[in-house]
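One structure is given here, and the rest of the page talks about it.
The values are calculated or read from the model by the stated rules, or taken from the named source; none is laboratory data. Everything numeric here is computed off the predicted structure, so don't read it as measured data. All Cβ positions, glycine included, derive from the backbone under ideal geometry; neighbour counts span all protein chains shown.
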Amino acid sequence: MPALDSKRRWYHLSPDRFVLGLLLGVCALWLSDRFRWFGFNHHKGWTVLISLAAVGVATLVMLLWWVVSVAFRWRFQFGIRSLFAFCLAASLAVSWLAVERQRARRQNEVVEELRSSDGAVAYDWEFDAEGNAVPSPEPPTRGWLRKMLGDDFLSVVVHVVLNFTEISDAGLEHVKRLTDLQELDLAGTKVTDAGLENLVDLPHLRRLDVSDTRVTDAGLTRLEGLTQLQGSRIK
């Protein structure tokens, strides 16, 4: 009988185990966002919002659990280690949010800089899975959430057109901050071989147009590490 009781206690849900599960859940969400395990990980910003929601729901559950325990005189054991684990889970989620908002702010600065140079940018929701432009695209998330967080928190820039603008090698220093960029049109610009060094850290770049520029075949060898680059146009 003691062994049976011990086994039951092992499966018994306690506040300590609930908090530990929350911490593990937040860590799992962070890993899934990094390695794109699930479908929702492909939508920028959603995973961190899910982790924040998990912390919020867990907080409400713990408060309700405590109220019910006091009302019915149940045992409610919540140790220092559990408090530390809860604070750690909340801190991870909030810090993650701060990092994502910083990323969104930097992306927005780049977008404004490129548009001021007569360039054009497009976000991921403006294209389908094959990379084709969607007619009359609409953001997947609208209303108060997008208004509060902004387009650059919930989306990433995947397409930049700078053809026949005054952009030069120095201007590409802004482009290199768009790490999710897939297509880049630099036709007719002042870009040279040296400027391509700013593109080597764009792992998702698939198409590059450098026709009518001073870029040479020798300069394109700098981009050999971009495994997804299907080809580039050069004249």
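For first residues located in the range 117-132 and farther than 23 Å from residue 172 by Cα, partners that are at pLDDT below 80 and lie 6+ apart or on another chain with Cβ distances below 6 Å form the pairs 125/139; 125/140.
With in contact (Cβ under 8 Å) with a residue 60 or more places away in the chain, closer than 21 Å to residue 116 by Cα and hydrophobic (A, V, I, L, M, F, W, C) as the only criterion, which of 156, 160, 191 stands out?
One residue alone meets the criteria, 156.
With respect to (1) farther than 17 Å from residue 154 by Cα; (2) touching a Leu at 6+ places or on another chain (Cβ under 6 Å); (3) of a type in the set (Gly, Ala, Ser), the lone exception for residue 45 is condition (1). Among the residues in the range 138-147, are any surrounded by 14 or more Cβ atoms within 10 Å (Cβ to Cβ) and either at positive phi or touching a helix residue (DSSP H, G or I) at 6+ places or on another chain (Cβ under 7 Å) (or both)? For the range 138-147, residues surrounded by 14 or more Cβ atoms within 10 Å (Cβ to Cβ) and either at positive phi or touching a helix residue (DSSP H, G or I) at 6+ places or on another chain (Cβ under 7 Å) (or both): present.
Each residue in the range 87-119 was checked for being more than 18 Å from residue 57 (Cα to Cα) and more than 15 Å from the chain's Cα centre (by Cα), and 11 pass. Only one entry of 69, 91, 82, 95 meets the criterion of being on the phi < 0 side of the Ramachandran plot, out of contact with any Gly (no Cβ under 8 Å at 6 or more places or on another chain), hydroxyl-bearing (Ser, Thr, Tyr) and touching a residue at least 12 places away in the same chain (Cβ under 8 Å), and that entry is 82. Within the range 168-187, being buried (at least 17 other Cβ atoms within 10 Å of the Cβ) and free of Cβ contacts under 8 Å to residues at least 40 places away in the same chain holds for 169, 172, 181, 184, 185, 186.
Selection over the range 177-235 of residues that are modelled with pLDDT under 90, of a type in the set (S, T, N, Q) and not in a loop (DSSP other than H, G, I, E, B) gives a count of 1. Here the condition is being within 23 Å of residue 207 (Cα to Cα) and either loosely packed, with under 13 Cβ neighbours inside 10 Å or in contact with a Leu (Cβ under 8 Å, 6 or more places away or on another chain) (or both); of 102, 107, it holds for 107 alone. Taken across the range 54-74, residues that are modelled with pLDDT under 90, of a type in the set (D, E, K, R) and either exposed (fewer than 11 other Cβ atoms within 10 Å of the Cβ) or more than 30 Å from residue 104 (Cα to Cα) (or both) do occur, with at least one present.
Restricted to the range 107-133, and to residues there that are out of contact with any strand residue (DSSP E or B) (no Cβ under 9 Å at 6 or more places or on another chain), assigned to a helix (DSSP H, G or I) and not aromatic (Phe, Trp, Tyr), the residue that is nearest to residue 165 (Cα to Cα) is 116. Taken as a whole, the condition of being within 22 Å of residue 110 (Cα to Cα) and surrounded by 14 or more Cβ atoms within 10 Å (Cβ to Cβ) does not apply to residue 219.
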